[in-house]
Amino acid sequence: MSGTDLTYQYPRPSFPPPVSYGALRLPSRYLLSPLAGFTNLSFRRVVRQIGGVGLATTDLISAAALVHLNEKTERLIETHAEDSPFAVQIFGHDAQQMIDAAQMLTERGVDTIDINMGCPVQRVAGQGAGAGMMCNRDGTLSLVQRVVEAVRIPVTVKMRLGWDDKQLTAPQFAREFEQIGVAAIAIHGRTRAQGFSGVVNLEGIRKVVEAVERVPVIGNGDVRTIADASRMLTTTGCAGVSIGRGALANPWIFRQLSQWEETGSWDPPGGFDDRLDLLTRQFGYLEDQWGDRALTRFRKMAHWYLKSMRVPATLRQAVQMAPTREAFYRALQDVVEAGPTTGHRTGILPDMHIPVPAGPVDHW
Ligand SMILES: Cc1cc2nc3c(=O)[nH]c(=O)nc-3n(C[C@H](O)[C@H](O)[C@H](O)COP(=O)(O)O)c2cc1C
């Protein structure tokens, strides 16, 4: 099945104007959502090479860690010429620390800073950072305003619909953020209490879009296909769409979406060989950054590649658990020889099931 066959099944919205964060014009309206543990430089580079990405963001990084920069944090904010435009996402509850972190990032040439107001993890939200910021209107507005005023680059906010069903405060926050100079708002259409359960609430996102006058609202949640993106754009009226888990399953999604917007049709995602090529390229970039330590850091990502390549579980495990670089490449050779369990090497592979993190406060 080619993407072209799907062209007429989904309405092509009348696309809104290109997305700009202040003076920063994004090359497309399809953004890579931050995914802690996955959206590192090596992944951002391969996704960018495929094309169609409007903006990519780092994993969330604590403002405190940025102020006392160690090697791990340094690696998290490392970037590359092809990783542009580039956002760093910060979290914290101490305004001065957030300002210091934002100023340091500005000096390093980061294009835009995103404040995390969506992280449901107790360790973050319990301290009043992440989704916890949604429980403290005045403190949050003051913190965000101080960060906006402290730097000359665009500052954006990523939040959920609210803490729980009874406190759907995102529209109110969005309106106030616009007034204090926030450049864009990304909204994951779930509450903190929902974690990753249920389906994304598009009506909830629409209310955020309606609450603001001109800042772009980026809709987020459960977008895996052109049909999902079409629904997100038409139902909510959002200016852009950000994609997290869907990009792990299909790193071609940004290019597909951009093709769809430009021409109405799109190429299929890469097959077995293309994914293998991506996997080895990404591992190479990770090795450039981490040397021997790349092997363990790549395990989670290898899982996604090999699952989407339909590799049998035993071979997957051999790659993921390889103790040395040599064992890793030997195990990959076995993968190449075995081929996919379903589908074939060069054509479209069957869709993979995308799991969700189990509970509201769980990390994957
Ligand atoms: C493993 C994992 C890590 C995540 N890390 C972050 C993060 O660091 N910062 C953030 O704002 N959101 C984070 N999220 C939330 C995603 O950015 C996104 O809002 C959510 O997954 C819904 O979008 P999706 O359905 O396209 O994945 C994470 C989600 C997952 C599953």
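Determine whether Thr39 is farther than 17 Å from Ile153 by Cα, surrounded by fewer than 23 Cβ atoms within 10 Å (Cβ to Cβ) and within 16 Å of the ligand (Cβ to nearest atom). When the stated conditions are applied, Thr39 does not pass them. Taking the range 195-217 as the range and being within 11 Å of the ligand (Cβ to nearest atom) and out of contact with any Lys or Arg (no Cβ under 8 Å at 6 or more places or on another chain) as the test, the residues that pass are Gly195, Val199. Taken as a whole, the condition of being within 15 Å of the ligand (Cβ to nearest atom) and modelled with pLDDT of 95 or more applies to Ala87. The test for being over 26 Å from Ser142 (Cβ atoms), under 14 Å from the mean Cα position of the chain (by Cα) and in the same structural domain as Val241 (by TED's automatic domain parsing) holds for Ala56.
The set of residues in the range 113-129 that are surrounded by fewer than 19 Cβ atoms within 10 Å (Cβ to Cβ) and outside any loop (DSSP other than H, G, I, E, B) comprises Gln122, Arg123. Can you spot a residue in the range 157-177 that is in the same structural domain as Thr58 (by TED's automatic domain parsing), part of a helix (DSSP H, G or I), over 18 Å from Asn220 (Cβ atoms) and free of Cβ contacts under 8 Å to residues at least 24 places away in the same chain? Looking for residues that are in the same structural domain as Thr58 (by TED's automatic domain parsing), part of a helix (DSSP H, G or I), over 18 Å from Asn220 (Cβ atoms) and free of Cβ contacts under 8 Å to residues at least 24 places away in the same chain, one finds none in the range 157-177, hence no.
When residues in the range 271-289 are screened for being within 21 Å of the chain's Cα centre (by Cα), buried (at least 21 other Cβ atoms within 10 Å of the Cβ) and not aliphatic (A, V, I, L, M), 3 of them pass. Does Gly139 satisfy the criteria of being out of contact with any helix residue (DSSP H, G or I) (no Cβ under 7 Å at 6 or more places or on another chain) and in a loop (DSSP other than H, G, I, E, B)? Against the criterion (out of contact with any helix residue (DSSP H, G or I) (no Cβ under 7 Å at 6 or more places or on another chain) and in a loop (DSSP other than H, G, I, E, B)), Gly139 does not qualify. Got at least one residue in the range 254-269 being outside the structural domain of Ala318 (by TED's automatic domain parsing), in contact (Cβ under 8 Å) with a residue 60 or more places away in the chain, outside any helix (DSSP H, G or I) and within 17 Å of the chain's Cα centre (by Cα)? Within the range 254-269, none of the residues are outside the structural domain of Ala318 (by TED's automatic domain parsing), in contact (Cβ under 8 Å) with a residue 60 or more places away in the chain, outside any helix (DSSP H, G or I) and within 17 Å of the chain's Cα centre (by Cα).
The values are calculated or read from the model by the stated rules, or taken from the named source; none is laboratory data. Because the structure is predicted, anything quoted here is derived from the model rather than measured. Reconstructed Cβ throughout: ideal geometry from the backbone, glycine too, with neighbour counts over all protein chains shown.
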